[in-house]
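The values are calculated or read from the model by the stated rules, or taken from the named source; none is laboratory data. Since this is a predicted model, take the numbers as computed values, not measurements. Note that we place each Cβ from the backbone using ideal geometry, even for glycine, and neighbour counts take in every protein chain shown.
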Amino acid sequence: MGQKFSVVAVVAAGAAAAAHVASKAGGSPGSSPKKAEETEKPTAAEPEAAVAGPARKIMILFGPPGAGKGTHAPKIEAKLQTPQLSTGDMLRAAVAAGTAVGKQAKAAMDAGALVTDDIVCGIIADRIKEPDCTSGFILDGFPRTVEQAKKLDEVLAKNGEAVAKVVELRVPDAVLEERICGRWVHKASGRSYHVKFNPPKSLPKGKKAKPKYMLDDLTKEPLMQRSDDTAEALVSRLKAYHAQTVPVLQHYGAGKAVGVDANRGLDAVWADIDAATEWD
Ligand code: AP5
């Protein structure tokens, strides 16, 4: 386990994530707002609100970088009426806001390495207490190590809760470089585009993806590329995924994990995710 983190900084990151989820409620499919400065910090009383009430729908959206987690999560949110909690989005918000957590996380993220378990477990433990998690939540990019899974289980068990489903998006490594290196995102909203598979309306057919052509469909603001979306960083991200994250599937076992072939068109992938996220 890594070093202890600043509670204040983690709350700031959690608040960024809270605003992210709240602002997504009316967002378009594919959106994943992350802007730290648009956040509203929770009051001291708010975090306890989500743990009371009926059983929460708790699921993990699992898969390698570029598998389609961020692409499909908004549709699961709309279906289950539960927020997507992306540790990657929360960490990027913390980096953008310059918090202590952000400063600790930045170098690891840029290199494609994992941020310490302490940091991400702290962020999630705070985040799932917030009122918008009253009906449940979709974990995206967490847990990423067996240690994180055990910590999550401990936190949930205190309230008699457990992860109910793990939906694994399966994509061969060879496909991921094109997806990652062709991704452009709208920083403020998190909306994700792809030069080939999901181009913005502003990119004329046959033109190369230059910044002047890469604008958000809704706001017309410029899109950007993530600093870790490089072929070099992807090698490290995939290495971390196979060595440290795939064992999390075994931790939860075949009873909870459902595999989806995510190496197909978006509609076909969604049809299987839709079936896998039916809730009794
Ligand atoms: P994070 O932000 O979680 O990144 P990731 O897991 O690497 O996932 P991505 O966001 O890259 O992929 P995605 O599956 O969401 O892909 P998308 O849907 O956009 O983490 C970033 C970093 O933060 C980590 O490396 C680590 O440093 C740190 N971190 C985060 N959580 C952590 C944790 N728990 N512990 C420690 N460190 C942590 O799709 C990608 C592209 O493909 C898009 O352009 C999309 O349009 C396209 N696409 C999607 N589906 C299809 C399809 N079916 N066909 C064609 N194109 C498609």
### Summary
For segment 83-103, the count of residues that are under 15 Å from the mean Cα position of the chain (by Cα) and not β-branched (Val, Ile, Thr) equals 11
### Query
Only one residue in GLU178, GLU154 is surrounded by fewer than 18 Cβ atoms within 10 Å (Cβ to Cβ) and closer than 28 Å to ASP117 by Cβ. Which one?
GLU154
### Task
Can you confirm whether segment 242-264 contains a residue that is near the ligand (Cβ under 10 Å from one of its atoms) and aromatic (Phe, Trp, Tyr)?
no
### Query
Of (1) part of a helix (DSSP H, G or I); (2) surrounded by 17 or more Cβ atoms within 10 Å (Cβ to Cβ), LYS187 satisfies all except one. Which?
(1)
#### Entry: Unmet criterion (only one of (1) closer than 16 Å to PRO65 by Cα; (2) part of a loop (DSSP other than H, G, I, E, B); (3) modelled with pLDDT of 95 or more) for GLU168
(2)
### Message
Regarding segment 153-169, can at least one residue be identified that is more than 21 Å from THR82 (Cα to Cα), in contact (Cβ under 8 Å) with a residue 40 or more places away in the chain and in contact with a helix residue (DSSP H, G or I) (Cβ under 9 Å, 6 or more places away or on another chain)?
### Response
no
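Is segment 206-227 home to any residue that is within 21 Å of the chain's Cα centre (by Cα), in contact (Cβ under 8 Å) with a residue 24 or more places away in the chain and under 30 Å from LYS129 (Cα atoms)? I'd like the intermediate steps shown before the answer.
Initially, segment 206-227 is screened for residues within 21 Å of the chain's Cα centre (by Cα), giving 216, 223-227.
If we keep only those that are in contact (Cβ under 8 Å) with a residue 24 or more places away in the chain too, we end up with 216, 223-227.
Retained after the next criterion (residues that are under 30 Å from LYS129 (Cα atoms)): 226.
Yes.
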### Query
Assuming GLU130 fulfils every condition listed in (1) modelled with pLDDT of 95 or more; (2) of a type outside the set (A, V, I, L, M, F, W, C); (3) under 16 Å from the mean Cα position of the chain (by Cα); (4) crowded, with 22+ Cβ neighbours inside 10 Å apart from one, which condition is it?
(3)
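From ARG183, ARG191, grab the single residue that is within 20 Å of HIS72 (Cα to Cα), modelled with pLDDT under 95, within 12 Å of the ligand (Cβ to nearest atom) and among the basic types (Lys, Arg). I'd like the intermediate steps shown before the answer.
Details: ARG183 fails: modelled with pLDDT under 95.
Every option except ARG191 fails the conditions.
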### Query
Looking at MET90, MET109, which one is closer than 17 Å to VAL185 by Cα, surrounded by fewer than 23 Cβ atoms within 10 Å (Cβ to Cβ) and in contact (Cβ under 8 Å) with a residue 12 or more places away in the chain?
MET109
#### Entry: Of all residues in segment 194-205 being more than 10 Å from the ligand (Cβ to nearest atom) and surrounded by 18 or more Cβ atoms within 10 Å (Cβ to Cβ), the one that is nearest to the chain's Cα centre (by Cα)
PRO200
